[in-house]
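Taking it in order: structure first as structure tokens, then the write-up.
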Amino acid sequence: MTLPAHGTHGVGTPLVLLHAFPLSARMWQAQLAPLADVATLITPDQRGFGATPVGDAPPSLDTVADDLVELLDELGLEQAVFGGLSMGGYVAMALARRHPERIAGLLLADTKATVDTPAAKANRERIAGAVLARDSVALLAEEKIEDGLLGPGTDPELTSHVREMIAAASPAGVAWAQRAMAARPESLAALRALDVPAAVVVGEHDALTPLAEARLIAEALPGAELTVIPGVGHLSSLEAPESFNAAARALLRRC
């Protein structure tokens, strides 16, 4: 296991926020101050991103979930509420499969519990091979933006900020994460087995993990509240932080 680099902010219920691919914990800046009065926000850099090394373990989201258990132990926490967006949602679901007793509540945003199609797996391997061969992620930002990472009409300043965060990713971290995501299993059964307060958030225009996937998750999670944020795409916490934060605050009240 690798202890993730992380920040802590605020006071209250522990809320671990798990970032999207290929970003880092920096993506949660718009959540820190607004939620600091109701939660202790814990923002780890997942393996291979930000200040957390990729390590030498084979690519697996289960390994990232085990890293989070080590982080909880380091912080002296038996449980926390976990919020994951996109890849962060995959990691939260890996935690639900492996360590459900550590989850006090769950927020899954712009993610899916189903497996990749063969074409999606092949595309992940193509990207992994390309960034390693070039030792560069230079083309990844444009490709992700073109694939619909952000919704239509996104503010150019936010688009520039997302490009900058992607450019800071390491080729090794990107390749490891792509291969880990490609190998992930379905998580619907693990979600059905959870008995914790839950919320599902999705951007109206999310083309990468659309509303149909969010509904599958919400139906699997007992009593989950589904929030569709109008006018935004895949990175809902960045594109519409006020709406995202309201859903998180509502979940924390239920926890």
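Readers should treat all values here as calculations from the given coordinates under stated rules, not as data from a laboratory. Keep in mind that what you see is a predicted model, and the values were worked out from it rather than measured. Every residue, glycine among them, receives a Cβ derived from its backbone with ideal geometry; neighbour counts consider all protein chains shown.
Here the Karplus relation 6.51 cos²θ - 1.76 cosθ + 1.60, evaluated at θ = phi - 60°, turns the backbone of region 189-194 into coupling constants of 5, 5, 5, 4, 7, 6 Hz, with x for every Gly and Pro. Counted residue by residue at 0.36 nm each, then reduced by the alpha carbon distance between them, the extension gain from LEU139 to LEU158 reaches 5.0 nm. Net charge dipole, region 91-177: roughly 500 debye, given to the nearest 20, about the Cα centre with Cβ charges of +1 for Lys and Arg and -1 for Asp and Glu. Taking the number of Cβ atoms within 10 Å of each Cβ as an exposure proxy, the fewest-first ranking of ASP66, ASP195 is ASP195, ASP66. Per-residue packing, averaged as other Cβ atoms within 10 Å, sorts the ranges 83-91, 164-172 into the order 83-91, 164-172, beginning with the highest.
Evaluated over the Cα positions of region 21-77, the convex hull gives a direction-averaged projected area, one quarter of its surface, of 4.6 nm².
Can you tell which of GLY55, SER237, PRO22 lies farthest toward the positive end of the dipole of the chain, using +1 and -1 charges on the Cβ of basic and acidic side chains (Lys, Arg; Asp, Glu)? Most positive-ward Cα: GLY55. Near the amide H of GLU204, within less than 5 Å, lie the amide hydrogens of ILE229, GLY231, VAL232, all on another chain or at least 5 residues away, with H placed in the peptide plane. Taking a span of 18 Å or more along the helix axis (Cα atoms) and a mean Kyte-Doolittle hydropathy of at least 1.6 as the rule, no DSSP H helix of the chain qualifies. Applying both filters, DSSP loop and at most 13 other Cβ atoms within 10 Å, to the GluC sites (Glu not before Pro) of region 1-88 gives GLU78. Under the simplified labelling scheme, the ASP147-ASP37 pair shows an inter-label distance of 3.9 nm, with each label point 7 Å from Cα along Cα→Cβ.
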